[in-house]
Structure formats: structure tokens, C-alpha cells
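Report on one structure; see the data block that follows.
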Amino acid sequence: MSRAFVKESDGAEALELPDRPISDHPNLVTAEGLAQMDETLARLREAHGRVQACGDRSALASIGRDLRYWAARRSSAQPMPALESNGKVQFGSTVTILRDDGRRQTWRIVGDDEAEPAKGTLSYVAPVARALMNKALGDVIVAGSGEAEIVAIS
């Protein structure tokens, strides 16, 4: 069969990457989380301009996907007010628990996009965070397969 009339790809088509999944939960954010979103968007917009000038389609697709994600997250962001000191765990609180196996763990409860448990931040929709919400100092929660006591709230 002759290939004379078959359109060959010239590589000019834009690459398409699937969009990043977006949480179904309300997009609650701390003031710091909102600032991080703004910084990320500014960085991505700058990178998008540089990559567009270079013509790197793969990088352009990746940055474009991230730009769409962060623009959507920024537009749906619901900044939460500063903490009220009511003695209970709430969004933005830093909480220390003492597990029944003796481990102490401290997290700040934040929005989905801010959460990095290894760095001490936990999404407000995480099971442990949900168990902690509206609890007070000395309360015991179920944490994993055991229990934990709230030993500090700030």
C-alpha cells in the first residue's frame, strides 16, 4: 500500500495530559495556604511563558495541566478566619496527641492542598483530623487501631 496520501504526524499536535483530580470537599484554606496558592500560580505562569518561548511541548503540557489545577483551586478557595481560642480543636489548630503506644504526634490541621503529614500538616478531611475536630484537651480519640489523648492544642 502506498503511503503517499497518508497524513504523517509532523509532531505539531499539542500533547494532552489528563487533568489532576480535584477533591470533592470544600476547598478550605489557611491564610498561609492561600499565599502558597498565589505563589504557585505566579511561578507556573512565569514558567509557562518561558517554556512556550522554547517550544517544549511536553513541558508545556505539564505546566498547563498544573496551571489549570491551581487556577481552579484558587478560584474555589475558602479562606478560613483566624483561630478563636475556644479550647477546642478547629481548622488551623496545632494539636499534639499521645498515642496508647507512647508516640507523640503533632499536626496542624489545614486544607487539602496544604497537607503534608511528614512535615506536620494534616488535611482537615483526614480520618485523624476529623476525629480531633471540636475535641478538647484531655479528650481521647480513636486513632488508627488504637487510642490517643489530646495533650496540647494551640
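The values are calculated or read from the model by the stated rules, or taken from the named source; none is laboratory data. Just so it is clear, the model here is predicted, and its values are computed rather than measured. Methodologically, a virtual Cβ is constructed for each residue, glycine included, from the backbone with ideal geometry; neighbour enumeration extends over all protein chains shown. Quick note on the areas: whole protein, heavy atoms, side chains included, nothing else; ligands and nucleic acids left out. Shrake-Rupley method; radii C 1.70, N 1.55, O 1.52, S 1.80 Å.
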- Query: Mind checking whether some residue in region 113-126 is in a helix (DSSP H, G or I), among the aliphatic types (A, V, I, L, M) and open to solvent by less than 70 Å² (accessible area, probe 1.4 Å)?
  - Reply: no
- Pairs with Cβ under 6 Å, 6+ apart, first in region 85-113 and closer than 10 Å to I153 by Cβ and touching a residue at least 24 places away in the same chain (Cβ under 8 Å), second among the β-branched types (V, I, T) and open to solvent by 60 Å² or more (accessible area, probe 1.4 Å): T96/T106
- Query: Checking Q78 against (1) touching a residue at least 40 places away in the same chain (Cβ under 8 Å); (2) in contact with a Pro (Cβ under 8 Å, 6 or more places away or on another chain); (3) more than 21 Å from P21 (Cα to Cα), which single condition isn't satisfied?
  - Reply: (3)
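Table: residues versus (1) in contact with a helix residue (DSSP H, G or I) (Cβ under 7 Å, 6 or more places away or on another chain); (2) of a type in the set (A, V, I, L, M, F, W, C).
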| site | (1), (2) |
| --- | --- |
| R68 | no, no |
| E84 | no, no |
| G87 | no, no |
| S93 | no, no |
| G102 | no, no |
| G111 | yes, no |
| E116 | no, no |
| L132 | no, yes |
| A136 | no, yes |
- Message: Among the numbered criteria (1) in a loop (DSSP other than H, G, I, E, B); (2) open to solvent by less than 30 Å² (accessible area, probe 1.4 Å), which one does T40 miss?
- Response: (1)
- In this structure, does S9 turn out to be farther than 24 Å from S154 by Cβ, modelled with pLDDT of 95 or more and open to solvent by 80 Å² or more (accessible area, probe 1.4 Å)? no
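Restricting the search to region 73-106, which residues are in contact with a Lys or Arg (Cβ under 9 Å, 6 or more places away or on another chain) and either hydrophobic (A, V, I, L, M, F, W, C) or open to solvent by 50 Å² or more (accessible area, probe 1.4 Å) (or both)? Let's see the steps before the verdict.
The initial filter retains those residues of region 73-106 that are in contact with a Lys or Arg (Cβ under 9 Å, 6 or more places away or on another chain), namely 88-89, 92-98, 105.
The answer is K88, V89, V95, I97, L98.
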